[in-house]
Amino acid sequence: MDKIVVLDFGSQYSHLICRRIREFSVYAELVPYDISLEKLRELGPKGIIFSGGPSSVYAKDSPRPVPEIFRLKTPLLGICYGHQLIVDNFGGKVKRANKEYGHSVLTIDNGSDLLSGVGSSVRAWMSHGDEAEKIPNSFEIIGHTERSHAAAIANRQQSIFGIQFHPEVVHTENGIQILKNFVLNICGARQDWTMESFVEKTVKEISKIDGRVLCGVSGGIDSTVAALLIHRAIGDRLGCVFVDNGLLRLNEEDEIKKMFEQNFAVNFTAIDAKKQFLDKLKGVSDPELKRKIVGEEFVRIFTEFAKKNGPFRWLAQGTLYPDVIESGVSKGPAAIIKTHHNVGGLPDWLDLEVLEPLKDLYKDEVRKVASILGVPRHLLLRHPFPGPGLAVRVIGEVTEKKLGIAKLASRIVEDELEAAGWYDKVWQAYASVGDDKAVGVVGDERKYGNIVMIRVVESIDAMTADWSRLPYELLSKISNRITNEIEDVTWVSYVISSKPPATIEPQ
Ligand code: XMP
């Protein structure tokens with residue numbers, strides 16, 4: 001498989017570069033900026049990209065790649081800080097400039113290769129405080145903006161390019177075309193990264209392992225896809241365990257059991273641990289403590305299962321690529337199978353090796369794999385749900401009563417959004433409940449009931465989120481249904497806080 005390697009110099013957009021390239025079916029991998037020459041050679045990329053980053057090349061201790069990288073015959077593209085690194089390395093000069101942030105107009109001076117097909121001038125997204133004052137002698141300027149005279153430079157003989165703006169950001173017009181020009185035309189990479197080829201390659205790789213695999217499934221898409229891939233490779237040597245902690249959405253435990261039993265021929269065990277979880281959560285209202293208790297209880301039940309039903313050699317997890325990068329445990333170009341212990345708080349004595357078949361994939365890629373593996377469509381489209389479940393949506397102590405209200409009210413929110421065509425437009429939609437109460441009147445009688453909070457947010461990656469401007473009619477319908485159908489509720493409120501400063505979940 002042809003590869004593009006992206007060296008991460010710390011830009012908030014580094015990941016996006018990989019995502020954009022993968023979107024046109026070329027495999028791209030983010031690696032630390034100081035990757036060794038040996039590791040880089042092992043990866044054998046068709047092209048190298050330097051990401052942007054917050055540093056200045058003239059600062060002491062600025063991040064630098066191994067110097068040999070500039071002498072490789074591999075095509076090189078520097079973006080923002082990466083561009084400045086190229087300027088600096090080949091004898092140009094980078095200086096502090098007036099900060100340029102947001103849209104600029106890029107005028108193309110030479111559109112023969114990197115900037116081919118983008119037009120004569122385009123909107124380009126800038127985010128920098130330094131600029132190339134003097135470009136190296138071996139380079140020419142191929143694009144400029146009003147404030148950056150060397151916004152795009154090229155050394156065609158050596159296939160080295162630098163651009164001050166961010167082609168990976170949607171605000172840059174024809175940014176994808178620029179990445180395509182580099183990856184497909186200049187590097188000559190083949191578009192052979194497809195999810196069909198991923199499934200084939202991964203199944204082949206997993207089929208080589210010995211021993212049995214234990215996979216915890218939550219009913220969410222990641223663990224389901226991980227389990228199905230492993231099942232394709234090793235069949236009955238896989239055991240799936242689903243722990244019903246009583247903190248799931250309404251009837252979700254039955255839906256998950258049904259989904260596994262009816263659709264997939266995997267070894268599947270459901271453990272009913274509702275009472276254990278509720279007992280452990282009794283009297284606890286601190287949000288962090290609730291999270292900790294849920295996490296620990298889950299591990300305890302899981303490890304007990306492993307002890308009784310073992311031996312298992314492997315523990316499978318649905319870890320995704322962003323998790324690997326973010327947790328800093330990226331093992332670079334290692335195979336999909338790696339050995340380490342105590343992952344996710346599992347005790348040392350469990351002594352399982354870890355199998356993470358999705359660790360190279362982004363969420364949208366997992367969705368494609370899921371569809372290849374026959375995961376039902378409604379699961380593909382279901383909103384994300386937090387690991388600690390309703391323990392973080394019920395404010396204060398988790399009681400049966402509040403759980404019941406949260407489940408029923410959330411179902412009403414989901415159903416009404418679905419009916420109004422809003423469900424697929426929003427990131428998450430649910431109802432939360434705490435201990436606050438309000439007086440209501442029902443059939444001339446006073447009633448002192450709970451306040452329910454509706455939370456509906458729009459987001460791209462959950463890092464930031466905005467509350468959904470739902471139509472009043474829809475909100476009114478949801479409110480009426482909740483107060484009519486759930487006896488203990490008198491008030492319904494709508495949460496209009498965005499993230500930041502709020503978070504998506506209340507706890
Ligand atoms: P917050 O509340 O931090 O949530 O804005 C961001 C996203 O993460 C989900 N979330 C979790 N997911 N385990 C998970 O698997 C957790 O402990 C957890 N906490 C929050 C949340 O639903 C939202 O999509």
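Since every read-out is calculated from the coordinates, none of them should be taken as a lab result. For clarity, every value in this text was computed on a predicted model and none was experimentally measured. Positions of Cβ are generated from backbone atoms using ideal geometry, with glycine treated the same way; all protein chains shown enter the neighbour counts.
Here are some notes:
- Set Lys3/Lys73; Lys201/Lys359; Lys201/Lys363; Lys60/Lys95; Lys201/Lys307 screened for pairs whose C-alpha atoms are more than 21 Å apart: Lys201/Lys307
- Leu315 long-range amide H proximity, modeled H, under 5 Å: Leu214, Glu353, Val354, Leu355
- DSSP bridge pairs, the chain: antiparallel proportion in percent, nearest 5: 50 percent
- Label-to-label distance, nm, for residues given as Leu72 and Lys447 (7 Å Cα→Cβ offset): 6.8 nm
- Listed peptides 61-68, 10-17 by packing density, highest first (mean Cβ within 10 Å): 10-17, 61-68
- Net charge over other residues, Cβ less than 15 angstrom from the Cβ of His103 (K, R count +1; D, E count -1): 0
- Gain in span if fully extended, Val170 to Lys99, counting 0.36 nm per residue against the direct Cα distance: 23.5 nm
- Compared with the direct C-alpha span, the chain from Glu485 to Asp279 gains 71.4 nm at full extension, assuming 0.36 nm per residue.
- Global geometry of region 3-186, whether rounded, prolate or oblate, following the gyration tensor of its Cα atoms and the 1.5 cut on a/c: rounded
- Per residue, the convex hull spanned by the alpha carbons of the chain comes to 171 Å³.
- Helical runs (DSSP H, four residues minimum) scored at -39500 (n - 2.57) apiece and divided by the length of the chain put the mean residue ellipticity at 222 nm at -9500 deg cm²/dmol.
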